[in-house]
Amino acid sequence: MVLIKLITMKRRRIVVAAGFCLAFFLGTLMNLLYIPGFEHHQNHDHRVHRYYHEKQQQVTGDSQLQVGESVTEAVAESNSKPAVGSRHHQDLLLQIRERFNEVVRYRQRQAHGSGTGDPVRQLERRRLMDSEPGDNWDPIKVIERTENRQTHFQNRLSPSIYMHTASRKDFTMTLSSVNGTPMLGCNSIDNVTNVQYLGSGYTKAVYKASLNNSLSVALKSVDFGGHDMENCVKKYGSPGDCYRLASFKIVKEMTLMERLQHPNILKLYGYCYQDSNDIQDTVTAITELGSPLEMIQLLQTSWEERFRICLSLVRLLHYLAHSPLGSVTLLDFRPRQFVLVAGELKVTDLDDASTEEAPCSPSDCVMEFPARNFTLPCSRGRCLGINEKRNLYNAYRFFFTYLLPHSAPPTLRPLLDKIVNATGELIWGIDETLLQLEKVLHLYRNGFYLQNSTQTHITDYKHVVDASIPEENYRCWPSYQHDGCLLSVFSITEAIGVCERHAQCQAFVVTNQTTWTGHQLVFFKTGTASLSSAKGRVTYVRVGS
């Protein structure tokens, strides 16, 4: 009887333990997969026509684009366009004005800190600043003072069109080149090829396209069928004003890409303003093209590549904390806001970035996250360091916990665990976090993580110069190659250690390829039957057991 009770208790413990493991696994999987607010890479070929399919219907000399069907349907559902001066219309204009002001603020900071000695250029840059809305700003009166005073009242620009047009003129004048490189324009995308829809969020649709059949770029434009446009048109019944409201997000993003120059921020190649049948000055941003960040795939890559992503992210956040605009926070901080370009992590969405620090009183400066909250000091009515800390904790919960410690070299794990714990508790700021990650890079790049190894090799190896083994592959994890065992090593000594730990390994081939840290890529093999000549490679074969 006692034996039966013990067996029953043991089974219950096993079931409880299994339940905890399953709950942790499902929670991690849900956090990685089900991130709201993004329409992932699906077969949405019909969306390509939103911007580029209409080019077949262009009118010569007037690059006209058609508005998507969803907006037309939304307009049809609304009874009538709100009258100018109505509460709904004024609410929409207020939102447009707020976004206009935000873009102007970023450009003002650029002009004040530009240091240019060209007084004519400064005068041009001030044209938009001088028309910035004040407390009693009336865009109609501004237009009356600056445009033809004899123009009939009915032909005057609406406030929203004025702000959109003023923003376009200022952007065109102030951004003809970045770092001396001329910006691409409408002529560059008139004959794009291989257009492919990549995805969309609430506001923008993103396409991949080829320029001159050589340069692949990303094209960002307002998604006429997106959440923001459809909801706005249904509520306000004004496609033109709703478009202008949405388009300021793209203009803001272009402005920030130009202002915030950093290797881990996506490059702005250019932009294009074109008129559509219904809307004036539709805007398209032309940017660097990256690969979407697939977290499930990243978990299967080598630690060295995962560490590179985390280091890239921290370097970016360090720059944002000390940027020319002040401390910048990414309010919509999720993996889908980043891409990979040649292995480097880059932020691609800046339309929800902000330099404003949350207001507070001494008792209510709280930073809230789903799992926990943090209380921050309140200084002069602002939450001290909230932008930096919000970025850092998001980096911890979306990246560090999944990518940083797992399968790292054993001697580096204590330091990596310390980094993860310190960022998870916000004990360190971004400066100390970057310092510690750079220390990890130094130890790894120079092979210092191997110094504590006392392993002695039990077999001898002979090396064959200019030789390789095409066959005799086996799989290992994590590997740079799916159907073989391709790993990076600091030295031949480390490669021998790997081979001796793998029961299948009978030889390895040192390639002439290196990783971003300078480590060499090595193929590990089960035998030497297919040994053949290969210039630049060296094969090591086990000669003892």
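The values are calculated or read from the model by the stated rules, or taken from the named source; none is laboratory data. These numbers come from a predicted model, not from an experiment. Note: accessible area is taken over every heavy atom of the protein model, side chains too, but ligands, DNA and RNA are not part of it. Shrake-Rupley method; radii C 1.70, N 1.55, O 1.52, S 1.80 Å.
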Counting only residues 5 or more apart in sequence or on a different chain, those whose built amide H sits under 5 Å from that of CYS383 are ALA358, CYS360
Using modelled amide H (1.01 Å from N, peptide plane; none on Pro or chain starts), what sits under 5 Å from the amide H of ALA353, excluding residues fewer than 5 places away? LEU331
Taking just the alpha-carbon atoms of segment 264-344, what radius of gyration and Dmax come out, in angstrom? 16.4, 52
Theoretical gain in end-to-end length, GLN108 to ASP431 [0.36 nm per residue, Cα-Cα removed]: 113.5 nm
Shape of segment 446-545 from its Cα gyration tensor (a ≥ b ≥ c, root eigenvalues): rounded if a/c is under 1.5, otherwise prolate when a/b > b/c, or oblate? rounded
Along segment 344-361, what does the Karplus equation 6.51 cos²θ - 1.76 cosθ + 1.60 (θ = phi - 60°) give for ³J(HN,Hα), rounded to whole Hz, x for Gly and Pro? 8, 6, 9, 7, 10, 10, 10, 5, 10, 6, 8, 9, 7, 9, 4, x, 7, 10
With the cut-off at 1.5 for a/c, could you classify segment 182-281 from its C-alpha gyration tensor as rounded, prolate or oblate? prolate
Note to self: with every protein chain in place and a 1.4 Å probe, segment 468-533 gives an accessible area per residue in Å² of 46
Given a 1.4 Å probe and every protein chain left where it sits, what share in percent of the accessible area of segment 277-389 is carbon and sulfur? 49
Can you give the Kirkwood hydrodynamic radius of segment 354-460 from its Cα pairs, in Å with one decimal? 16.1
Short to long, in 10 Å steps from zero, the percent of alpha-carbon pairs of segment 465-513 per bin is 24, 64, 12
Mean-position separation - Cα centroids, segment 288-362 and segment 232-281, in angstrom: 21
May I have the convex hull volume per residue, in Å³, for the Cα set of segment 400-484? 154
On full extension of the chain, what length is gained from PHE374 through GLU500, given 0.36 nm per residue of separation minus the C-alpha to C-alpha distance? 40.6 nm
